[in-house]
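Beneath this line is the structure, given in structure tokens, with notes to follow.
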Amino acid sequence: MKIGIIGTAHPLRGGLAAFNERLAKELQGMGHEVVIYSFSLQYPSFLFPGKTQFTDEPAPIGLDIRTNINSVNPLNWVRVGNELNRERFDLLIVKYWLPFMGPSFGTLLRRAKRNGKTKAVCIVDNIIPHEARPGDAAFTKYFVGAVDAFVTMSRDVLKDVKTFTAKPATFTPHPVYDIYNEAVSKAEACKKLGLDRNINYILFFGFIRPYKGLDILLEAMADERIRKAGIHLIAAGEYYDKAVEAANNEIIAMRGIADIVHLSTDFIPDSEVRYYFSAADLVVQPYKHATQSGITQIAYHFCKPMVVTNVGGLPEVVPDGKVGFVAEVDPTAIADAILRFYTPGSLPNVQENLRAEKRKYSWQAFVEVLMQQAKG
């Protein structure tokens, strides 16, 4: 098939780009011709409070990436949509994560499909955003009208999709992020990060946004039992909100936990991800609400046990008592789960269980479901 992927890719950075590039390689490996249509302008500055949208890392080898979509220019949407029409793709795959993209993506697909050949399938991260803005519902309805079928990566999002449309939609889990090289020893990772190899580290990883609950984890770190157990936290990821950063720094100061919290609040390049996961014993996702999480699938890649909160799709992919623990959204409950992890015998056969769960989340399995939706 001739397939186009519409969404973020190099030189833009982050999990969306990593997903689309990995998907393109999987499709190419199956013999399909693949082009990624990415952004010349992805976000206006008010929607991207991070330091930069771009990566310094080299472009992925072997991918055809065309950076020509401007998310805020309707004339661009018409031009690129006409190009997609002329290319006569068999399938266009669109990653949808933010209603702001609804007008541009909806217009691109409508014009592309005028050729009577092209079908459009959407991979939905979120159809109802974590942080609401005016126009969300209208933008999403416009986009949904241009799509033929949907694939979601959590059952909660599948329910949300069905509130917008009766078109075909199905659930399949987020595949493993296997693009970050192999793990290194804890000693090597700690040396790279300037940490003490003899300390027990837990890891919070990824962009720091209000719904991800780092503040709750910091309160859990203030639990006297955590300090007595000698557990330290690595918080690695870029802040998206200065107010959230200030509030978290205040918690650290007020609770007197600066000596057991190690902050790395710049964007973590792909080449350095493995050091953070290799240094940690446990990955903690203290989210206040969620759909699915790519962080879970990075943890599976590195076979790291997890503590996740009982929200959204997180418990679906982290079986309690097998590969980690599910806790309520509460500092004491999260502290209890962390301490339980460090209790000998609390997770029997955890590495074997992690490997077994990991096998469920292959890219091949994900693409098979995607193609079934494309065939209708």
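Taken together, the values in this text are just the output of simple stated rules run on the coordinates, not laboratory data. All values derive from a computational prediction rather than experimental measurement. We place every Cβ from the backbone using ideal geometry, glycine too, and count neighbours over all the protein chains shown.
When only C-alpha pairs under 8 Å and at least 6 residues apart count, what is the relative contact order of segment 166-243, in percent?
34 percent
Taking the square root of 5 times each eigenvalue of the Cα gyration tensor, what semi-axes in Å does the equivalent ellipsoid of the chain have, largest first?
For the chain, the semi-axes come out at 37, 21, 20 Å.
How large are Rg and Dmax for segment 186-359 when only the alpha carbon atoms are used, in Å?
14.8, 43
Only Lys, Arg, Asp and Glu count, each charged at its Cβ (+1, +1, -1, -1), so figure out the dipole size of the chain about its Cα centre, rounded to 20 debye.
On the way: 43 positive and 40 negative charges, 273 e Å.
About 1320 debye.
Give the relative contact order (percent, whole number) for segment 186-359; include only Cα pairs under 8 Å separated by 6+ residues.
This gives 23 percent for segment 186-359.
Could you sort 190-201, 152-163 so that the peptide with the highest average Cβ count within 10 Å comes first and the rest follow in order? Let's see the in-between values first.
Working: 190-201: 14.6, 152-163: 19.5.
Result, highest mean first: 152-163, 190-201.
So how tilted is helix 350-359 from the main axis of the chain? Cα-based, degrees 0 to 90, rounded to 10.
Taking the Cα atoms of the chain, the angle to 350-359 is about 0 degrees.
Arranged from highest to lowest average of other beta-carbon atoms within 10 Å per residue, in what order do the peptides 315-325, 94-104, 251-261, 296-306 appear? Before the final figure, lay out each step's value.
Details: 315-325: 19.4, 94-104: 21.5, 251-261: 14.6, 296-306: 23.8.
The packing order, highest mean first, is 296-306, 94-104, 315-325, 251-261.
Run through the DSSP bridge list for segment 1-107 and note the antiparallel percent, rounded to the nearest 5. Spell out each step's value before the answer.
Working: 1 of 16 bridges.
Antiparallel bridges make up about 5 percent of those DSSP assigns within segment 1-107.
Among Leu203, Leu27, Leu108, what is the fewest-to-most ranking by other Cβ atoms within 10 Å?
So the ranking, lowest neighbour count to highest, is Leu27, Leu203, Leu108.
When only C-alpha pairs under 8 Å and at least 6 residues apart count, what is the relative contact order of the chain, in percent? Walk me through the numbers on the way to the answer.
On the way: 744 pairs, mean separation 54.9, N = 376.
Once divided by the residue count of the chain, the mean separation gives 15 percent.
Using only Cα atoms, figure out Rg for segment 260-376 and give it as a multiple of 2.2 N^0.38 Å.
Compared with the compact-globule rule of thumb, segment 260-376 sits at 1.15.
With Cβ to Cβ distances under 13 Å as the rule, what net charge do the other residues near Pro11 carry (K, R +1; D, E -1)? List each step's numbers first, then the result.
Values: positive: Arg13, Arg66; negative: Glu21, Asp56, Glu57, Asp270.
With Lys, Arg at +1 and Asp, Glu at -1, the net is -2.
Under Stokes-Einstein, with the Kirkwood radius over Cα pairs standing in for Rh, what whole-number D in µm²/s applies to segment 174-246 at 37 °C and 0.692 mPa s?
Details: Rh = 14.4 Å.
The calculation lands on 228 µm²/s.
Summing -39500 (n - 2.57) over the DSSP H runs of n ≥ 4 in the chain and dividing by its residue number, what mean residue ellipticity at 222 nm do you reach, to the nearest 500 deg cm²/dmol?
Here the helix-only value at 222 nm equals -11000 deg cm²/dmol.
Once you order the gyration tensor axes a ≥ b ≥ c over the Cα atoms, which shape class does segment 1-145 get: rounded for a/c under 1.5, otherwise prolate or oblate by comparing a/b with b/c?
oblate
Pull up all non-local amide H partners of Ala169: gap of 5 or more, or a different chain, and H-to-H distance under 5 Å with H placed in the peptide plane.
Phe150
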